[in-house]
Every structure is written in structure tokens, then in C-alpha cells.
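We did not get these values from a lab; they are worked out from the coordinates using the rules stated. Please read all numbers here as calculations on a predicted model, not as lab measurements. FYI the Cβ positions are ideal-geometry reconstructions off the backbone, even for glycines, and counts take in every protein chain you see.
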Amino acid sequence: MITPLPQGPRSYRGRLLAVAAGWLALVSSYYVVLPFFGVLSVVTSSAIAICWLWVTIVPTIAAVRLGLRRVWLATAAFSALAVLAGGGFGTVGSPQFTPEAHFRQHRHELVQLASDYRAGRINGDADLPWRLRFLTIDGQAHQRCGFTDRQTGQKTCALYLAMWENFRGESGAGIAYYGAAPPPEPYSAIATAAGDDGVPVRELGEGWWVVA
């Protein structure tokens with residue numbers, strides 16, 4: 001039986017470069033691609049998930065192969081990289097398609113949009129900035145007003161972004177800017193579809209609420 005010769009550092013260079021390339025792509029997706037394009041979509045989320053799989057699986061496979069060859073130091077190093085990737089994914093995870101995740105990703109743009117609404121620059125239907133258009137089903141922001149308060153005779157209005165609506169127009173959901181004060185009930189209900197009214201159910205921050 002011929003005992004394989006121990007592998008030198010150069011033999012691990014390719015595996016280390018593969019792991020490093022995966023981490024570079026992963027960090028770039030979070031700190032370059034998402035901030036620049038501002039898009040949480042199936043494509044970007046899938047790309048990030050693939051990067052997490054890459055930085056986890058590649059060092060795991062390398063550790064198993066090196067362990068079978070009894071190259072213990074290199075096995076320990078790649079095992080540590082795999083554990084680091086697994087821990088990072090468990091802590092950070094991939095972006096989720098939730099109103100909270102979208103709000104965190106676009107907080108600055110939504111704050112600016114609310115500022116334009118308060119200043120009176122949006123008083124009906126308005127096209128959204130390109131970084132926000134993918135959030136909605138129509139690429140627009142809408143001023144929607146609720147029912148009239150019988151005591152004050154006033155209506156509670158909000159700036160509404162429609163994120164979902166069924167094909168019959170019977171129900172819908174989205175996010176709405178009501179202002180700094182918590183929206184009153186039940187007069188804060190606004191139209192979320194042709195045949196449905198929604199009320200704020202969860203506060204996102206900066207005056208924005210999930211409406212369903």
C-alpha cells in the first residue's frame with residue numbers, strides 16, 4: 001500500500017481562493033449590490049442564498065476530504081471556516097420578503113417620501129423613485145383617506161403604497177404613512193383594493209404602518 005504524500009500549502013491554495021471568492025461575493029451583495037440597487041427580490045435573495053451555501057459547503061467538503069487524508073491542521077482550518085459560515089448565516093440570514101425587511105432596506109427613501117407628502121408635494125397619485133417602485137404593484141404612491149370622524153368632521157388620510165392585491169381586487173395590503181402620531185381607530189381605515197378597506201396592524205417606524 002502506497003501512503004499518499006502530505007499536501008503542502010500550495011495544494012490548499014485553490015480551496016482557500018474558492019472560499020475567499022465566496023466571502024467576497026457575499027459581502028459585496030450585502031454592502032454594494034443591495035445598497036446601490038435597493039432591491040430585495042427573488043433574484044437578489046437567491047444570489048445571497050447561493051453565496052451562503054458556497055461559503056458553507058466548499059470548506060465543509062474540503063475539511064472532509066482532508067480529514068480522510070489525515071491532514072489534521074488543514075482539516076481544522078477548513079472546519080473552522082465552515083462553522084464560521086454556518087454561524088454567520090444563523091445570525092444574519094438571507095433577506096426576507098417582509099414589510100419590516102423592506103422598510104429597513106429603504107428607510108431613507110421612505111423618510112424622504114414622507115417628507116414630500118407632509119410638504120404637500122404629493123396630494124394624489126405620484127410615481128415613486130425607481131428604488132421604491134419594485135415594492136408596489138403599480139409603482140406609485142397614493143393618498144388615501146379614511147372615514148369621517150363624526151366628532152371632529154375630519155378624515156384621517158395616509159400615503160399608501162400597495163404591495164399586494166388579489167386578482168379580483170377584493171383584498172389588498174401594503175404600507176402607509178400616517179404621520180408621527182399613532183393612527184386612530186376606526187377612522188384610520190383606508191382603501192387597499194377596489195373592494196376592501198385596511199387598517200394599520202403593525203408599526204414600522206417613522207410614521208409608517210403595515211396596513212391590511
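Summing +1 for each Lys or Arg and -1 for each Asp or Glu among the other residues whose beta-carbon sits under 14 angstrom from that of Thr75 gives +4. Here the range 99-211 was treated as a single set of alpha-carbon atoms; its pair distances binned every 5 Å from 0 give 2, 13, 24, 26, 21, 10, 3, 1, 0 percent. Near Asp197, the amide H atoms lying under 5 Å from its own belong to Thr192; only residues 5 or more places off or on other chains count, and H is placed 1.01 Å from N.
Suppose every K and R has +1 on its Cβ and every D and E has -1 on its Cβ; what is the size of the dipole of the range 99-211 about the Cα centre, in Debye to the nearest 20?
Working: 11 positive and 14 negative charges, 46 e Å.
Dipole size: approximately 220 debye.
Summing +1 for each Lys or Arg and -1 for each Asp or Glu among the other residues whose beta-carbon sits under 14 angstrom from that of Val210 gives -1.
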